[in-house]
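One structure is given below, encoded as structure tokens.
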Amino acid sequence: QGSIKYEVIKSNNKVRHYVDFADIGGQESAIKELKEALQFLLKPEEIAQMGIRPLKGILLVGPPGTGKTLLARAAAGYTDSAFIAVAGSEFIEMYAGVGAKRVRHLFREAKKKAREQNCRSAIIFIDELDVLGARRGSHTGHLEYDQTLNQLLVEMDGINPNEDPRILVIGATNRSDILDPALLRPGRFDRQVYVGLPDKEGRKKILKIHTRNKPLDDEEVLEEVARETFGFSGAHLESLANEAAILAMREGKEKIEKRHFIEAIDKVIMGEKVERRPSE
Ligand code: ATP
């Protein structure tokens, strides 16, 4: 009953697990805002000296597959924090009180991991925050949801910024409109960072990242692919690059050619129902 699936990154295999901000394509403004907010973990003394209220939560808002999880992981690497990730759906159980218990456990675990890994801070990443953070009373008859959310609020209010390890909660959602307003109040998810679909340049950068280890017939093709993939998320582009490589291999080619990419675009559109608008 108490079991929950966490993803914990151990700092001793940091190099393998952490994402570098440089591996995230086309999210320059989100990265800039996020880095700025992370100064709260990096320079807590200076922040305190200025009398600035410490930051406890950052909310990453945007459509699926745009790199929110990548950003959270990169934030952990950047601040040398222990990282613990969990999905909102993990908290929802039929049994009363289980969700709230899991939330308590999550915060305790984060502190424990930080101490074990000699980190001054821990980042708790809650994906699909809307699943446990929807407006209270909106799940008819589900008092369980409300109790779970209440517990999250209690834990966030209880974060003591003067105590090591410091805790920062990063939430991700594509539905910030349905979040309980209590979550967005000062001292909770104070900062919102928008993580949108990439523009053409962003798409090109993402394609570059995901073809780094792939033999291309001609690098120039990425420019054209970027132009032809309006509405694609980073996750779509990753899948497109992979699909193109599979098509090339199937034909016994040693390099991925333009037509493999073109065919892969259609495959991704058909498979994922990418919402496409005429042109950018
Ligand atoms: P969800 O809302 O569905 O959880 P997300 O925004 O958290 O999505 P990620 O899990 O970070 O998206 O991205 C999924 C995968 O898509 C990544 O592992 C990566 O391969 C690719 N990807 C997404 N965005 C980017 C990006 N900006 N740069 C490089 N790769 C990206």
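The values are calculated or read from the model by the stated rules, or taken from the named source; none is laboratory data. Bear in mind the structure is a predicted one, so any value in this text is a computation, not a measurement. Glycine gets a Cβ as well: all are built from the backbone with ideal geometry, and neighbour counts include every protein chain shown. For the accessible areas, the whole protein counts, side chains as well, though only heavy atoms, and no ligand, DNA or RNA atoms are used. Shrake-Rupley method; radii C 1.70, N 1.55, O 1.52, S 1.80 Å.
Over segment 121-272, calculate the relative contact order: mean separation of alpha carbon pairs under 8 Å at least 6 apart, over the residue count, as a percent. Normalised by residue count, the contact order of segment 121-272 is 21 percent.
If only the Cβ of Lys and Arg carry +1 and only the Cβ of Asp and Glu carry -1, the dipole of the chain around its Cα centre is close to 760 debye. Two-decimal Rg/Rh of segment 140-245 from alpha-carbon positions, Kirkwood Rh? Over the Cα atoms of segment 140-245, Rg/Rh equals 1.18. Using a cutoff of 8 angstrom between alpha carbon atoms and counting only pairs six or more residues apart, the relative contact order for the chain works out to 23 percent.
Calculated accessible area for segment 93-134 comes out at 46 Å² per residue, all protein chains present (probe 1.4 Å; ligands, DNA, RNA ignored). Comparing MET270, ASN150, HIS260 along the charge dipole axis of the chain, the residue lying farthest to the positive side is ASN150, per the Cβ-charge model. Could you point to the residue in GLN49, ALA248, GLY171 farthest towards the positive end of the chain's charge dipole, with +1 and -1 charges on the Cβ of Lys/Arg and Asp/Glu respectively? Projecting each Cα onto the dipole axis, the largest value belongs to GLN49.
Residue pairs exceeding 18 angstrom between C-alpha atoms, taken from LYS68/LYS267; LYS56/LYS111; LYS214/LYS258; LYS205/LYS267: LYS68/LYS267; LYS205/LYS267.
What segment 198-237 shows is 48 Å² of accessible area per residue, with the surface traced by a 1.4 Å probe over protein heavy atoms. Report, in whole Å, the centroid distance computed from the Cα atoms of segment 231-261 and segment 71-123. Value for the Cα centre distance between the two parts: 36 Å. Axis of helix 234-250 versus longest Cα principal axis of the chain: the two differ by about 40°, to the nearest ten degrees. When you work out D = kT/(6 pi eta Rh) for the chain at 10 °C and 1.306 mPa s, using the Kirkwood radius from C-alpha pairs as Rh and the Stokes-Einstein form, the result is 79 µm²/s. Rounded to the nearest 20 debye, the dipole magnitude of segment 111-248 is 580 debye, with +1 charges on Lys and Arg beta carbons, -1 on Asp and Glu beta carbons, and the Cα centre as origin. Over the chain, DSSP H runs of length four or greater, each weighted -39,500 (n - 2.57), average out per residue to a 222 nm ellipticity of -14000 deg cm²/dmol.
Descending by average beta-carbon neighbour count within 10 Å, the peptides 230-236, 183-189 line up as 230-236, 183-189, the highest first. Roughly speaking, to the nearest percent, how much of the chain's 1.4 Å accessible area is carbon and sulfur? On the chain, the fraction of accessible area on carbon and sulfur atoms equals 49 percent. Summed over the residues of segment 21-73 and divided among them, the accessible surface reaches 47 Å² per residue at a probe radius of 1.4 Å.
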